[in-house]
Amino acid sequence: MPSTSALPPPDPSARARVVVANISPSIDGGQSRVKRVRGDRLAVQVDLLLDGHDKVAGLVSYRQGTTGAFGEVALVSLGQDRFGAEIALTTVGVLQFTVAAWVDEFATWAWGFDRKLDAGQEVTVELLQGIALVTAAARRASGTDGEALGNYTRLLSVEAPLADRARIARDPALALLMQRWPDRTAESRSAIFEIEVDPPLAQFSSWYEFFPRSTGRDGRHGTFADAETRLPYVADMGFDVVYLPPIHPIGASHRKGPNNTLQAGPEDPGSPWAIGAAQGGHKAVNPALGTLEDFRRFVARAQELGIAVAIDIAFQASPDHPYVREHPEWFVRRPDGSIQYAENPPKKYQDVYPFDFAGEGWQSLWQELASVFFFWIEQGVRVFRVDNPHTKPLPFWRWCLRQVKDRHPDVIFLSEAFTRPKLMYGLAKAGFSQSYTYFTWRTSKRELEAYLTEITRPPISDHFRPNLWPNTPDILPEHLQIGTRATFAARLILAGTLSSSYGIYGPPFELMEQTPRPGSEEYIDNEKFQIRSWDLDRANSLRPIIKRLNRIRRENPALQSNESLVFHPVDNELLIAYSKSTVDGSNLVLTVVNLDAHHRQTGYIDLDLAAVGMVADESFQAHDLISDARYLLRGGRIFVELDPNVMPAHVFRLRRRARTEHTFEYYL
């Protein structure tokens, strides 16, 4: 058995008795940044564990950025050793916070002093202990607080009846002063945690995707100027993000023809994702679209209309990309000396070379690819949709996105990764602001409820923000292929009300294109490989419904976040009902969707009254924001009937009834 002198002395920090544990929100113990948006209130919670009956106190220190002084907000008890504090997030960028806690000696003394005094016990010695604590605090304090504490010391020390001095010791004003000047020499302090505070667009956005080259008249190749004329159409429907597929020069080698055929004719434009030609690569525009100045004018016009422009960043190269000639070390060489083209067996993409992110030239490659984002930021772009990020290393994204966000905190990244769930979440932790989801293939009530509950609840929702897309240029799901107009309308309303961010690939969506390439989930005559002309004025366009939905989303704050999403039981598996509400309960939206595109469905909804802040037998008005019909309802059981041939959904604004001095009226 070793002697006492042979044992290593405890670390001085072990003297701190309070254990700070289970801090939230945090991701993997603080390894990644939690996501919030400007205007949120960050609710920090923590377990403060202390032995015995002593009292504990603590605070959250926080600052905007990674330098400068920390502000402080006190922790308050939530019960069961859990404490919390809130911080208003007023600035876009990184917010750092740390938790400090200590033994509150004065509160501990006051608790024991009161118990003994109330029990009629002798407290002379205890009063002397209290005087010592106040005297020490007076030395720590400054200004008027120091003077006030010194005065309390004198009042408690003078010869006076014990009852009078005890009354002074119990003065609430003294307790407040002591809280402001505690002894923190043996405090416990957590590691620093970081919050990524994004602009509100990162949380609430409506995306519209179109190909600029399909905006020309009479089937000719469209330009940025032509695409500019499409912007009022997009703005009229209420979208706030317009997303363009890659706008760079397109390679000629192994160019794909219509419907992904291997032979391209002289007029075939090729796939925009085969990036790079003699005219340049990722920092150039396709000459057929115009010039860089034309693109900047397009961005400026979009901004005038209240629309952010998102461009696609695809980190891959055509065989004609300047990178292939200038930096062969950035690509994978096969044993025969040729460069490895992209494959997803049995599919082959001979027109695309992937980068070698872990090869000999990885550092210079990473630097160059990060510079691509900075180049387009200089052109006015603040939103990026990133193609297939799951095929690039997570360490690259963590490094690259951090470089961009630390310099331009208002930039937003959308991850286009249809892959394994944990890898999708890993990309979100690496810094992506929003993510594509499996919504595209979730069709039954059970699937939708389970999936949306998973991705809108902590801890997933602390880093993963869903962006729901009913279709993409790559995906025409089977239910749209065989569906009706009601199918398209239902998927639109589900996307736009289940999630605060959603998008559509149009015009194919609003014009309800549903013919696939045989045996696939891809569109026939796909815009990825050819120019298409669209009749945007077709009488059966979904444009009016899309416009109404986006207006509903803008006018109802409840739909602009996801944390309040609640599903309500319906006695019909083909009807799904869910609500969202604001924190103060002033805006409450209940959506009901008929998942059967062919038949009328009826059922009873049992509202979760507690979840929506209502009580049994309460009268309320249900205003259908789609049809403008109004219904007077009472209680939590609601009968609904939805005919898909009329409209497959209700989006109700629920207004509770309140009594004023002379009459009843509904809350707005």
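The values are calculated or read from the model by the stated rules, or taken from the named source; none is laboratory data. On a predicted model such as this, the values are computed, not experimentally measured, just so you know. All Cβ positions, glycine included, derive from the backbone under ideal geometry; neighbour counts span all protein chains shown. When the accessible area is computed, the model is the full protein with side chains, heavy atoms only, and any ligands, DNA or RNA have been set aside. Shrake-Rupley method; radii C 1.70, N 1.55, O 1.52, S 1.80 Å.
Give the lysines whose C-alpha is closer than 21 Å to that of residue 35, dropping any in the same chain fewer than 8 places away, or say none. Reachable lysines: 405, 422, 429, 580.
Nearest 5 is fine: what % of DSSP beta bridges in the chain come out antiparallel, could you say? Bridges in the chain are about 75 percent antiparallel. Surface composition of the chain: carbon and sulfur atoms hold 52% of the protein heavy-atom accessible area at a 1.4 Å probe.
For segment 296-387, with equal point scatterers placed on the C-alpha atoms only and solvent neglected, what are the log10 I(q)/I(0) values from the Debye formula at q = 0.14, 0.22 1/Å, to two decimals? Once normalised to I(0) and log-transformed, intensities are -0.63, -1.10.
Put a dot 7 Å past the Cα of residue 599, heading toward its Cβ, do the same for residue 125, and the two dots end up 8.4 nm apart. Set the Förster radius R0 to 30 Å, insert the Cβ-Cβ distance between residue 536 and residue 293 as r into 1/(1 + (r/R0)^6), and round the FRET efficiency to 0.05. Once the sixth-power term is evaluated, E becomes 0.65.
Dipole of the chain (Lys/Arg Cβ +1, Asp/Glu Cβ -1, origin at the Cα centre): which of 488, 377, 300 lies farthest to the positive side? Projecting each Cα onto the dipole axis, the largest value belongs to 300.
Gain in length, residue 300 to residue 547, computed as 0.36 nm per residue apart minus the alpha-carbon separation, to one decimal in nm? Before the final figure, lay out each step's value.
On the way: separation 247, 0.36 × 247 = 88.92 nm, distance 2.30 nm.
Taking residue 300 through residue 547 to full extension adds about 86.6 nm, to one decimal.
Just one of (i) 158; (ii) 254; (iii) 178 is volume of the Cα convex hull per residue in Å³ as worked out from the coordinates here. Which one is it? Checked against the structure: label (ii). When each of the peptides 599-610, 545-556, 100-111 is scored by the mean number of other C-beta atoms lying within 10 Å of its residues, the order from highest to lowest reads 100-111, 545-556, 599-610. Overall form of segment 530-596: oblate. Here a/c, set by the Cα gyration tensor axes a ≥ b ≥ c, is 1.5 or more, and a/b is not larger than b/c.
Determine the shape class of segment 489-545: with a ≥ b ≥ c the square roots of the Cα gyration tensor eigenvalues, call it rounded for a/c under 1.5, and otherwise prolate if a/b is greater than b/c, oblate otherwise.
On the way: a/c = 2.09, a/b = 1.40, b/c = 1.49.
Oblate.
In the chain, the DSSP-assigned H stretches of four residues or longer account for a calculated mean residue ellipticity at 222 nm of -8500 deg cm²/dmol, using -39500 (n - 2.57) per stretch and the full residue count as denominator. Once backbone amide H atoms are built at 1.01 Å from N, residue 465 has 435 as its partners under 5 Å, excluding neighbours fewer than 5 places away on the same chain.
Segment 358-395 to segment 492-560: how many Å between their Cα centroids? Result: 29 Å between the Cα centres.
Compute the length gained on full extension between residue 360 and residue 375: take 0.36 nm times their separation in residues and subtract their Cα-Cα distance, giving the result in nm to one decimal. Each step should come with its number before you reach the end.
Values: separation 15, 0.36 × 15 = 5.40 nm, distance 2.49 nm.
Value of the extension gain: 2.9 nm.
Each residue, residue 627 and residue 344, gets one label point 7 Å from its Cα in the Cβ direction; the gap between the two is 4.1 nm. Placing pseudo-labels 7 Å out from each Cα toward the beta carbon at residue 132 and residue 261 gives an inter-label distance of 9.5 nm.
Using a probe radius of 1.4 Å on heavy atoms only, what accessible surface per residue do you get for the chain? Whole Å² is fine. Spell out each step's value before the answer.
Numbers: 29920 Å² over 668 residues.
The answer is 45 Å² per residue.
Per-residue 3J(HN,Hα) values for segment 193-210, derived from phi via the Karplus relation 6.51 cos²θ - 1.76 cosθ + 1.60 with θ = phi - 60°, read 10, 10, 10, 8, 9, 9, x, x, 4, 5, 9, 10, 7, 10, 9, 10, 9, 8 Hz in sequence order (x marks Gly and Pro). Packing order of peptides 567-576, 349-358, 486-495, 198-207, highest average first: 486-495, 198-207, 349-358, 567-576 (average count of other Cβ atoms within 10 Å over each peptide's residues). Peptides 473-482, 172-181 ranked from most to least packed give 473-482, 172-181, packing being the mean of other C-beta atoms within 10 angstrom over each peptide's residues. For the pair residue 554 and residue 485, a Förster radius of 25 Å applied to the C-beta separation gives a FRET efficiency near 0.55, rounded to the nearest 0.05. Assuming charge only on the beta carbon of Lys and Arg (+1) and of Asp and Glu (-1), the dipole of segment 324-437 about its Cα centre is about 500 debye to the nearest 20. Note on residue 420/residue 616: beta-carbon distance plugged into 1/(1 + (r/R0)^6) with R0 of 45 Å gives a FRET efficiency of 0.50. Charge dipole of the chain (Cα centre as origin; +1 on each Lys and Arg Cβ, -1 on each Asp and Glu Cβ, all else neutral): 340 debye, rounded to the nearest 20.
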